[in-house]
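Values quoted throughout were computed directly from the atomic coordinates according to the rules given, and no laboratory measurement underlies them. All values derive from a computational prediction rather than experimental measurement. In this analysis, Cβ positions are derived from the backbone assuming ideal geometry, glycine residues included, and neighbour counts consider all displayed protein chains.
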Amino acid sequence: MAPYRVDRRPFAVDLARPLSTAAGTIDRREGWLVRVRTTGAEDDPTGVGEATPLPGWTESTATCRETLRARAGDALAESRRDLLTGVDGPAARHGLALALADLAARRDGRPLWAQILDCDDGGDGDDRGERTVRANATVGDAPPGATVDRAREAVERGFDCLKLKVGARSVEADLERLAAVRDAVGDGVRLRADANAAWDCPVAERAFDGVAERALDLEYVEQPLDATALAGHAALRERERRRAGGGTDVALDESLAEVAVDRVLAADAADAVVLKPMALGGPDRALAAARAAHETGVRAVVTTTVDAVVARTAATHVAAAVDAVDPRSGASAHGLATADALAADLGPDPAPVETGRVRLATASGTGVDPEVFEE
Ligand SMILES: [Mg+2]
């Protein structure tokens, strides 16, 4: 195998509206496209990855820049291991690991999801290797009337799983919003509530009690408590397990950025984990986390970090691979409908979310045209 040559180019895309993150509100996403080629082979395919740091979730933009600078240009890497060794920042590692996986997938003529599963084309006769992944719509936080309008609109567009933000208002106000949406969309639509670590234990218990009393039938409540509160989440889960008539599941998201997924699983702190490939250090690491979760009976939901087209499409492939590892996740939905959060993108989207679904065709690699690397 010829050595790898790495190039990167910076990009910035404006967001359609400000995004609140753990580290404050941002209005654009900045990162690097990473291109990997093997030297000396003219017709060898190109792999393209994306490193888009997100404050509070990954290394800083400056650290990511330095890491990629050290790996790019004339410094050739002899092997995949050579290229990835010592890359600690998750966003930089995501960019490099994705480019390598994309290159390998294109060389083998198979889609990225099959490459990271390390299986053959996955065609089971019926779908000829195509994969369809379900996506949830994010309704966000708004007063009850606006929340209901957005929820209805998402269902009309074909979504059958909605995620609402909670925690910015009182528990009682949030329960009102959730009840209004449940009334509006009926029982056939799954609802998730994401508290983004806004509650302490007594408030979270009131919220879970209210969900049960109002029979809101939530698929799960995401990150009710602080990211480090693994024992608190485990206790909440235990409380829900004992609830007559069945309780509400707990999903963890921010906790995975704060503590390793293995610790979250060992603490028995979650029914579901939210996996962000950019924050975990690459598609391979996200899939490994999903496999570890599945082995302990925990399901995985894949979400983007509101990235540009390369990383967003890669996250869709990761979701397809996760669905193959755990068929229960296939009955669920992933957080992939984030293209609308960008005011512009770097290139055409090969896998847009339509009617609450994303169809991954049998194109090689991510399916994103490698020309996206050229400005
Ligand atoms: Mg979340």
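Just check region 1-66 against the gyration tensor rule for me: Cα atoms, a ≥ b ≥ c as the square roots of the eigenvalues, rounded for a/c under 1.5, and otherwise prolate or oblate depending on whether a/b exceeds b/c. Taking the square roots of the gyration eigenvalues as a ≥ b ≥ c, region 1-66 is prolate. For q values of 0.10, 0.11, 0.15 Å⁻¹, compute log₁₀ I(q)/I(0) with the Debye formula on a Cα-only model of the chain, without solvent. Log10 I(q)/I(0), no solvent term: -0.61, -0.74, -1.33.
In sequence order, region 45-52 has phi-based couplings of x, 10, x, 10, x, 9, 10, 10 Hz under the Karplus curve 6.51 cos²θ - 1.76 cosθ + 1.60, θ = phi - 60°, and Gly or Pro positions carry x.
Normalised by 2.2 N^0.38 Å, where N is the number of residues, the alpha-carbon radius of gyration of region 180-280 equals 1.06. If you take the alpha carbon atoms of region 1-126 and fit the smallest convex hull around them, that volume is 143 Å³ per residue. Beta bridges assigned by DSSP with both partners in the chain are antiparallel in approximately 55 percent of cases. Take the Cα of A142, step 7 Å toward its Cβ, do the same at R214, and the gap between the two points is 1.8 nm.
With θ taken as phi - 60° and the Karplus curve 6.51 cos²θ - 1.76 cosθ + 1.60 applied, the whole-hertz 3J(HN,Hα) list for region 64-81 is 4, 4, 5, 4, 5, 4, 5, 9, 9, x, 7, 6, 8, 9, 6, 8, 4, 4 Hz, x standing for glycine and proline. 3J(HN,Hα) along region 158-164: x, 6, 10, 9, 10, 10, 10 Hz, from the Karplus curve 6.51 cos²θ - 1.76 cosθ + 1.60 with θ = phi - 60°, whole Hz, x for Gly and Pro. For L15, the amide hydrogen comes within under 5 Å of the amide hydrogens of R28, R29, A343, counting only partners 5 or more places away or on other chains and with H modelled in the peptide plane. With everything on Cα atoms, drop me the angle between helix 283-295 and the longest principal axis of the chain, reported from 0 to 90° to the nearest 10. So the inclination is approximately 40 degrees.
Principal-axis analysis of the Cα atoms of the chain puts helix 230-241 at an angle of about 50° to the longest axis.
Amide H contacts for H334 (H built 1.01 Å from N in the peptide plane; partners 5 or more residues away or on another chain; cut-off under 5 Å): R134, A135, N136.
Comparing A270, A215, A101 in a Gaussian network model of the chain (Cα springs below 10 Å), the most mobile by mean-square fluctuation is A215. Fewest neighbouring Cβ atoms within 10 Å first, the residues D88, D226 line up as D88, D226.
Helix 309-325 versus the longest principal axis of the chain: what is the Cα-based angle in degrees, 0 to 90, to the nearest 10? The helix 309-325 is inclined about 70 degrees to the chain. Taking other Cβ atoms within 10 Å as a rough exposure proxy, K163, K276 sort from fewest to most as K163, K276. At what distance in angstrom do the alpha carbon centres of region 23-85 and region 178-225 lie from each other? Result: 38 Å between the Cα centres.
Each 10 Å bin from 0 upward holds the following percent of the Cα-Cα pairs of region 193-340: 12, 42, 34, 11, 0.
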